[in-house]
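Report on the following structure.
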Amino acid sequence: MTVDRIIELEGAVNFRDLGGYATADGRRTRWRVLFRADGLGELTGADLAILRQLRIRTVIDLRTGHELEQSRFDVDAHPVEFHHFPFIKSLSNAEDFQRAPGFLGTQYQQMLEDAAPQIVGAFSALAAPDARPAVFHCTAGQDRTGLLSALVLSLLGVPEDTVVADYALSGAAMTRLRAKLLVKFPNGKLLTEDSDAIFSADPANMVALFAHLKERYGSVRAYASAIGVPDDVVDRLREAMLEHES
């Protein structure tokens, strides 16, 4: 079966399906059940029609409260179960990236600790009965979304190299996002042109995250247990997301 991983939308640049990935036990993640995305506050009528076709039931917003105030998914145009689990309190600026090489990788590791309650909440929401199909998103669909995607796919049994490759797919989307921002904020041209670290999806960031998880916790499953993700939540998510063994 051929299924498009990237969902082309007018108001979003990084809406992707997490289906079709092989797992260590020989199964695959199901298509059209779970999606990752960038900001969903500028979706057009045509975009919302596509989301209706996808039967999206749950939207999980990982952005800050300030970002949520600026724009949010239109639950009136397409009613869903909406959750807000902010993974960070405030956005970093370009100077943070310029002063500290590898800043993104370090930020991902910090989110594992600081956003632990939000991560538990996101897993519980995704595993809830009738929650799927679901989408979780941040602003670019790269960092906060990339972290949650890595945890979800890992707990489903998707190998590390596949998870890293999924993260890297955001690289092309960042090119589209940069072009979109240049049109929307023409006076910000210098910022967007000089912030390659922000508009990147360097696989090294995710490799470093996995190395940190192994060193500190031993495995992603052990991390999930340590922060309080119930085993039955993981089991329900695996039941919903994985093809049944033949």
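Give the residue that is most open to solvent (accessible area, probe 1.4 Å), with candidates limited to residues of the range 73-86 that are out of contact with any Gly (no Cβ under 9 Å at 6 or more places or on another chain) and more than 15 Å from Ala37 (Cα to Cα).
If we take residues in the range 73-86 being out of contact with any Gly (no Cβ under 9 Å at 6 or more places or on another chain) and more than 15 Å from Ala37 (Cα to Cα), then Asp76 is most open to solvent (accessible area, probe 1.4 Å).
Could you list, ordered by first residue, the pairs with Cβ atoms under 8 Å in which the first is in the range 230-243 and under 14 Å from Leu151 (Cα atoms) and the second is modelled with pLDDT of 95 or more and open to solvent by 80 Å² or more (accessible area, probe 1.4 Å), at least 6 apart or interchain? Close Cβ pairs (under 8 Å, with a partner that is modelled with pLDDT of 95 or more and open to solvent by 80 Å² or more (accessible area, probe 1.4 Å)) amount to Val234/Arg221.
Restricting attention to the range 165-177, report how many residues are open to solvent by less than 20 Å² (accessible area, probe 1.4 Å), closer than 28 Å to Arg221 by Cβ and not charged (D, E, K, R). Total satisfying the criteria: 2. Every test in (1) in contact with a strand residue (DSSP E or B) (Cβ under 8 Å, 6 or more places away or on another chain); (2) open to solvent by 50 Å² or more (accessible area, probe 1.4 Å); (3) modelled with pLDDT of 95 or more is passed by Met241 save one, and that test is (2).
So Arg52 ticks every box in (1) out of contact with any helix residue (DSSP H, G or I) (no Cβ under 8 Å at 6 or more places or on another chain); (2) in a loop (DSSP other than H, G, I, E, B) but one. Which box is left unticked? It is condition (2) that Arg52 fails. There is no residue in the range 84-102 that is within 16 Å of Arg132 (Cβ to Cβ), modelled with pLDDT of 95 or more and not charged (D, E, K, R). Restricted to the range 28-44, and to residues there that are among the charged types (D, E, K, R) and in a strand (DSSP E or B), the residue that is surrounded by the fewest Cβ atoms within 10 Å (Cβ to Cβ) is Arg28.
Considering only the range 1-23, state which residues are outside any loop (DSSP other than H, G, I, E, B) and open to solvent by less than 20 Å² (accessible area, probe 1.4 Å). Matches in the range 1-23: Arg16, Asp17. When the range 45-72 is filtered for residues that are within 17 Å of Glu8 (Cα to Cα) and surrounded by 15 or more Cβ atoms within 10 Å (Cβ to Cβ), the ones remaining, listed by number, are Asp47, Leu48, Ile50, Leu51, Leu54, Ile56.
The values are calculated or read from the model by the stated rules, or taken from the named source; none is laboratory data. None of these values were measured; they are calculated from a predicted model. We place every Cβ from the backbone using ideal geometry, glycine too, and count neighbours over all the protein chains shown. Accessible surface areas use protein heavy atoms only, side chains included; no ligands, DNA or RNA. Shrake-Rupley method; radii C 1.70, N 1.55, O 1.52, S 1.80 Å.
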